[in-house]
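What follows is calculated from the coordinates using simple rules that are stated; it is not laboratory data. Every value quoted in this text rests on a predicted model; they were computed, and no experiment measured them. Cβ placement follows ideal geometry from the backbone for every residue including glycine, while neighbour counts extend to all protein chains displayed.
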């Protein structure tokens, strides 16, 4: 058996390139839609918090992470708000 039989592809190395055309445009549109939903989820969790321009840019950046990460951050924001709620025993 040759040594090449044990060669493997690095996990970060692309296997194929996306072809230009409608399929790529549809993916970009879906991605923009998902990004918008992620931004909305983070902003909803921060409702009532005064946000500056830098805060909004950071939220836009965070929304580029995958849905699980964004969901965890939104959950963390909600839980932090609940922990600081008036009348909550500490």
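Compute the length gained on full extension between residue 69 and residue 49: take 0.36 nm times their separation in residues and subtract their Cα-Cα distance, giving the result in nm to one decimal. If you can, show how the numbers build up before the last one.
Numbers: separation 20, 0.36 × 20 = 7.20 nm, distance 2.07 nm.
Additional length available on full extension: 5.1 nm.
At a Förster distance of 22 Å, what's the computed FRET efficiency of residue 60 paired with residue 82, Cβ-Cβ distance as r, to 0.05?
My answer for the efficiency is 0.30.
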